[in-house]
1. Between rounded, prolate and oblate, where does region A:89-215 land on the alpha carbon gyration tensor, with a ≥ b ≥ c its root eigenvalues, rounded for a/c under 1.5, else prolate if a/b exceeds b/c?
2. Work through the residues other than A:A228 whose Cβ is under 10 Å from its Cβ and net out their charges, Lys, Arg +1 and Asp, Glu -1.
3. Taking the Cα centre of the protein assembly as shown as origin and charging only Cβ (+1 Lys, Arg; -1 Asp, Glu), how large is the dipole, in debye to the nearest 20?
4. Against the longest principal axis of chain A, how steep is helix A:246-255, in degrees 0 to 90 to the nearest 10, with axes from Cα atoms?
5. Roughly how large, in nm² to one decimal, is the mean projection of the convex hull of the alpha-carbon atoms in region B:77-203?
6. As an exercise, identify the trypsin sites (Lys or Arg not before Pro) in region A:278-366 lying in DSSP coil whose Cβ has no more than 11 other Cβ atoms within 10 Å.
7. Taking K and R as +1 and D and E as -1, what net charge do the other residues with C-beta under 12 Å from the C-beta of B:L82 add up to?
8. Probe 1.4 Å, all protein chains in place: accessible area of B:S74 in Å², nearest 10?
Amino acid sequence: MKTIKLSLMAMSIATVLTTVPASAASRDHINIVGSSTVYPFATVVAETYGNKSGKKTPKIESTGSGGGMKLFCAGAGIDTPDITNASRRIKMSEFKKCQKNGVKDIVEVQIGFDGIAIANAKSAPEFKLTRKDIFMALAKEVPGKEAGKLIANPYKTWKDVNPSLPATKIEVLGPPPTSGTRDAFAELALEGGCKKFDWIKQIKSDSKAAKKAGDKAKAKELKHKYKAICHTIREDGAYVEAGENDNLIVEKLTKNPNALGVFGFSFLDQNSDKVKGASVDGVAVTFDTVADGSYPVSRPLFFYVKKAHVGKVPGIKEFVAEFTNEEAWGDEGYLTDKGLIPLSEEKRKEIAKNAKDLVPLDLKAE
Amino acid sequence: MSKQYKNTDTIRAGLKKRYAREKRFQFFGIASIFISFLFLLVLLVNIFSQGYPAFQQTYVKLDVKLDGSVIGVSKDSSPEELFKASYGKLIKNTLKEMFPGVKDRKKKRALKQLVSKSAAYDLRDKIIENPALLGTTQSFWFLAKDDVDVFMKGDIDRTLPEADRRIKDFQLKWIDKLLAENRLEKRFNTTFFTAGDSREPEQAGIKGALIGSLLTMLVTMALSFPIGVLAAIYLEEFAPQNNRWVDIIEININNLAAVPSIVFGLLGLAVFIGFFGVPRSAPLVGGLVLTLMTLPTIIIASRAAIKSVPPSIREAALGLGASKVQTTFGHVVPLAMPGILTGTIIGMAQALGETAPLLMIGMVAFVADVPQGILDPSTVMPVQIYLWSDSPERAFTERTSAAIMVLIAFLVVMNFIAVLLRKKFERKW
């Protein structure tokens, strides 16, 4: 009997509790969502901000760039995130959606670059790849001998792709399609190699020409065709989806010296005793080559601030200031310890100033 | 006569076969138990061997000259000024004095990396506590940076060529010097149990996730136990038999038990966060979603427990003039309680290990502060394990395993309480 009474009491307490939060309209912590690539950097900044200011540490969810934008653009209410991280620039469609939902002023802050490393075990031979090699080895369909015709990818070993490469089986461990790293890898490495074929490049320019001429349907169709050729990764086992966990890929590489892995530069940096990066187009993947842009497989990282929330949620300005502080994102900053590749000093100054003044982004003007 | 003998012979021959069959079955049974234990053992040994180093942490002793003029404060500064000063400089200067002649920019940076970033904040807290320390030289034990810690635990092989090591030769010299002066010490890692999450492995702790799990479980328990048990009691004792609606409800409850948990997350996002406006990432919303998930388990188990109470108990109570409610709550439920509790614990244990539905409601997040209530943003232990396992820093590997150990300990405690309660309620008839 006692237990029943107790449980009834607990139930009534619980029902009371559920009705409370509707009144909790204001928030004392910053709410951040977005890219899993920016996550390690944003979290360090959040922690430093929390320690320095003595205020509550921002909460950061790793939702992926697209997922973050969706939440961010859902509305201007206090229950929506204040900041979203992205490992690519905001898309026109996302920007429009934001505007439509009342998120008018968005401040864009570029924080640096991230390199994507193609690495193998320390004990394995060194790889010197070109983007064309990567495309030929990993695309689902590759151009055959006849121009304008695609054939299913026939290559089994790296030597088949390029005689100067070792005769090992093509086996690449990489992130699954849900990952931003995969998108960037497809866009930067595969497409970069794909464009080397003139007739494929022609499809893209045809698409642009059609768009100019006003034939939207044709432009779209050609664009899709181009993307399908350049971004589709083979599914016959040569590319192994190793999950979102990059540590796992590093672990697998050390056990299998024949395999190559695709992951963010920070993981290569942290595990330099286990794996080594392949050079792409003759450029080795190092801190400096990604920073000066000579390493071709690198991408910019951003975060976006909802201006309407500045002042409503305490600390947003201070957080942005901490992120754009030389101590954080500078050449010697603590973010570089975590693998962020900094911007040039000029650019940092310009962006920091814009961020401080909360200059809203206007995509149409560009 | 002879025919009879023949019969016994066949029976004897058959008997042998039957014994053999029984032996065989017993052998397979023991073999499967043995195999499952073997797997469990391998798993536990693996986790423990990887995780136990995380319970130790390297500390560095530094003699810090607390020169207030360097950072622009004095004994008379207000607490606010003391709070804002950058104590990192004092630590940097101390390190510079200990290792003179470091000119190279890269090496200068490496020098700073001997000590954790938290050292500056520790120093700040100590000075605010006692401003009279300013102007003196004091020895403090600070957390060592994760790389130093990993090295001290023997996970970095100094015989490897320099390029293959995260700790370079010049850093090794520094560490050797510190070791020679007895300035490095491995101690029990209290930070791991008293701190929230951090991106610096040496500062990261499980407390935030532990409290988050606890709060979430409390909400789940407070809701799912009474609702589940009452639903089961009604369906079993009071609901009309052979009613179409009752059948439909029964089928649906059974179906719900098999629904993938992520679906409940989506539901929680739409209903609790979208419609009722419960804050994202709070233990409250996590508990609500997990309640939905555990309810079917509890209802099914409770019904089975109530059903297994012999009808004679009910008949006796009714025969003596007890009402239906009196019979149910005075006799049937107390007898069914051990079974109900078992079902509840199974449901709660499932909920404790769940991450998928929490992804949708924002509990898979970096939360550095330890949650203070059920409305604060928080995360739970399995999520913490997942987040750490995904971090590039080497020192997080051992912390991941250590967190798994804490999670297992949490489960064991929960089960233990359940066993105690069950013992208390158990009745023989």
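The values are calculated or read from the model by the stated rules, or taken from the named source; none is laboratory data. Quick caveat: nothing in here was measured; it's all calculated off a predicted structure. Note: ideal-geometry Cβ built from the backbone for every residue, glycine included; neighbour counts use all protein chains shown. Side chains are part of the model used for accessible areas, which takes the heavy atoms of the whole protein and leaves out ligands, DNA and RNA. Shrake-Rupley method; radii C 1.70, N 1.55, O 1.52, S 1.80 Å.
1. oblate
2. Surrounding charge for A:A228 is +3.
3. I would put it at about 2080 debye.
4. Around 40 degrees separate the two axes.
5. Average of the hull's projected areas for region B:77-203 equals 9.4 nm².
6. Here the sparse-neighbourhood loop sites are A:K364.
7. Around B:L82, the surrounding residues sum to -1.
8. Solvent-accessible area, nearest 10 Å²: 50 Å².
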